[in-house]
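Here the structure comes first, spelled out in structure tokens, and everything after it is commentary.
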Amino acid sequence: MAILIHTLADHNDDINYCAFSSSCLATCSLDKTIRVYSLNNFTELPYSPLKGHTYAVHCCCFSPSGHILASCSTDGTTMIWDTRDGRMLAVLEQPSGSPVRVCRFSPESTYLVSGAADGSVVLWNVQSLKLYRSGNVKDGSLVACAFSPNGNFFVTGSSCGDLTVWDDKMRCLCNEKAHDLGVTCCDISSQPVSDGEHGFRYFQMASGGQDNEIKLWLILFADFLGVELKYKCTLNGHSAPVLACAFSYDGQMLVSGSVDKCVIIYETSTGNTLHTLSQHTRYVTTCAFAPDSPLLATGSMDKTVNIWQFDLKQPCAGNIVENASKVAVEDWSEDDVSAWLCAQDLADFVGLFKMNNVDGKELLNLTKESLINELKIESLGLRRKVLQKIEELRMKTISVPVTIPDEFLCPITRELMKDPVIAADGYSYEKEAIENWINSKKRSSPMTNLPLPSPTLIPNRTLKMAISRWLETQQK
């Protein structure tokens, strides 16, 4: 059972990523900062927040020792921080100057990978903090990356839908079209598995995409076969694009977050859903398991990070929950309702609801009066808590996750444009964002990194009208 034990609400903009070390949790945001918390009591460390990036921070990660933290940003840099005192150790500039979307340390801290919006991939030597090797994906932006547990290879995912396997010499070992609408995230389990037939050791990988799917893969290394990427299965719990996925450190669970505002936890051996968590009120952008404790962190565009704890000693009967969009709430069985109660930290009511045969339809019709008179819940506080959770569920059943068309988002801020303008590179941007970019970047294009022939900005009235019409349809 996953229990919500703490909520962090210190960032003043969307949460983009969160990462654990053995003693700390780091979070980063569109607000340009990285915050670091102690796992002892979730208090912010004295040197936090870390400031240095001039644009949104997209990703952060700890070195295996936990002594170093890396962060990357739209400003085209990856910054290295000392987690003992918060000192900035280095600023690694992406050679192309393109916005950096993802960064990862290798398991032995030998290398750090940074991947950018122009598809460039850079392997940095962590000891010297110098560029070691670089390359490019075939097409699209590089948005996801994961190292194998042995550090011999890493996988990148791109917005064009490809998964690419690289070795530590930056040689492309194989390439696979994984998600037709684009890859959004990937992770590799730290626990290898055997195929049971030839005795080969596989690495299990998960990838998420704009197609609403999570795919599980097996990566095989063999001298006579080279590298083989084998599709295993697809997990279809989400009703909207999957934005984040992560394996638990024992490899037995996989967590995912989505535009549908839900967090789903799967059992990797069976693909069954163990928990569906629906506390976030906007897109879930990141999720991460702690390495040495039964903790899970989930971050969202609602500007919060939720910390969950797994109570492994008290499993809840019927805790396999179908996503509400896959099975309508009014069609839930009594077991589905029991599982939902567990996910909402209301497990004490499972027996009471089962005794009264409360299924999905009955759940949605519960009122204050029925809780008092029929279910005999005497505590005012508990009644309020149950009614609040039911109201949240009602709102979820009538709301449809809205995906903003990508062409309406500013390439710099990734927010809906209010005053779109066309720059000399032919791309449209939010006026204020591109003006600030030109002033700080000496007239380079955020999309191509080539010099802008002119600082002239032309209002894109056609795009502004299209955005206005789209907003009107969302209000109906």
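The values are calculated or read from the model by the stated rules, or taken from the named source; none is laboratory data. The shown structure was predicted, so the numbers you read here are calculated from the model rather than taken from an experiment. Cβ atoms come from the backbone with ideal geometry, glycine included; neighbour counts cover every protein chain shown. The area values use the complete protein model at the heavy-atom level, side chains included, leaving out ligands, DNA and RNA. Shrake-Rupley method; radii C 1.70, N 1.55, O 1.52, S 1.80 Å.
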Residue list for the range 412-439, restricted to those being assigned to a loop (DSSP other than H, G, I, E, B) and modelled with pLDDT of 85 or more: Met417, Lys418, Asp419, Ala423, Ala424, Asp425, Gly426, Tyr427
Please go through the range 337-371 and give me each residue that is small (Gly, Ala, Ser), within 18 Å of Arg384 (Cβ to Cβ) and either open to solvent by 60 Å² or more (accessible area, probe 1.4 Å) or over 32 Å from the mean Cα position of the chain (by Cα) (or both), ordered by number. Ser370
Note: among Leu25, Leu50, Leu30, just one is more than 21 Å from Phe105 (Cα to Cα), among the hydrophobic types (A, V, I, L, M, F, W, C) and surrounded by 16 or more Cβ atoms within 10 Å (Cβ to Cβ), namely Leu30
Cβ contacts < 8 Å: first residue at positive phi, restricted to the range 238-254; second residue part of a loop (DSSP other than H, G, I, E, B), any location; separation 6+ or different chain. Result? Gly251/Ser189; Gly251/Ser190; Gly251/Gln191; Gly251/Thr268
Out of all the residues in the range 273-285, is one or more at pLDDT 95 or above and assigned to a strand (DSSP E or B)? yes
Selection within the range 163-190 - at pLDDT 95 or above and either more than 23 Å from Pro107 (Cβ to Cβ) or among the small types (Gly, Ala, Ser) (or both): Thr184
What do you reckon, is Leu45 in the same structural domain as Ser248 (by the TED database) and touching a residue at least 40 places away in the same chain (Cβ under 8 Å)? yes
Selection count, the range 65-85, where residues are surrounded by fewer than 18 Cβ atoms within 10 Å (Cβ to Cβ) and assigned to a loop (DSSP other than H, G, I, E, B): 5
Can you spot a residue in the range 221-234 that is of a type in the set (A, V, I, L, M, F, W, C), at pLDDT 85 or above and crowded, with 21+ Cβ neighbours inside 10 Å? no
Considering the range 454-476 alone, what residues qualify as being modelled with pLDDT of 85 or more and part of a loop (DSSP other than H, G, I, E, B)? Ser454, Pro455, Thr456, Leu457, Asn460
For the range 440-447, check the following and say yes or no: at least one residue is of a type outside the set (Phe, Trp, Tyr), within 26 Å of Asp14 (Cα to Cα), out of contact with any Gly (no Cβ under 9 Å at 6 or more places or on another chain) and not in a loop (DSSP other than H, G, I, E, B). yes
The range 414-437, residues that are open to solvent by less than 20 Å² (accessible area, probe 1.4 Å) and more than 21 Å from Ser141 (Cα to Cα): Pro420, Val421
Which one is modelled with the highest pLDDT, of the residues in the range 397-411 that are of a type outside the set (Val, Ile, Thr) and open to solvent by 60 Å² or more (accessible area, probe 1.4 Å)? Glu407
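Here's the yes/no breakdown for (1) hydrophobic (A, V, I, L, M, F, W, C); (2) in contact with a His (Cβ under 6 Å, 6 or more places away or on another chain); (3) touching a residue at least 60 places away in the same chain (Cβ under 8 Å); (4) not assigned by the TED database to the domain that holds Thr7:
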{"position": "His58", "(1), (2), (3), (4)": "no, no, no, no"}
{"position": "Ser65", "(1), (2), (3), (4)": "no, no, no, no"}
{"position": "Met79", "(1), (2), (3), (4)": "yes, no, no, no"}
{"position": "Ala90", "(1), (2), (3), (4)": "yes, no, no, no"}
{"position": "Ser109", "(1), (2), (3), (4)": "no, no, no, no"}
{"position": "Ala144", "(1), (2), (3), (4)": "yes, no, yes, no"}
{"position": "Thr156", "(1), (2), (3), (4)": "no, no, no, no"}
Scan the range 241-262 for residues that are assigned to a strand (DSSP E or B) and either under 12 Å from the mean Cα position of the chain (by Cα) or surrounded by fewer than 24 Cβ atoms within 10 Å (Cβ to Cβ) (or both) and jot them down. Val242, Leu243, Ala244, Cys245, Ala246, Phe247, Met253, Val255, Ser256, Gly257, Ser258
Of the numbered conditions (1) within 23 Å of Phe62 (Cα to Cα); (2) buried (at least 24 other Cβ atoms within 10 Å of the Cβ); (3) out of contact with any Pro (no Cβ under 9 Å at 6 or more places or on another chain), Ala116 fails exactly one; give the number of that condition. (3)
Condition met for Gly97 (in a loop (DSSP other than H, G, I, E, B), in contact with a helix residue (DSSP H, G or I) (Cβ under 8 Å, 6 or more places away or on another chain) and at positive phi): yes
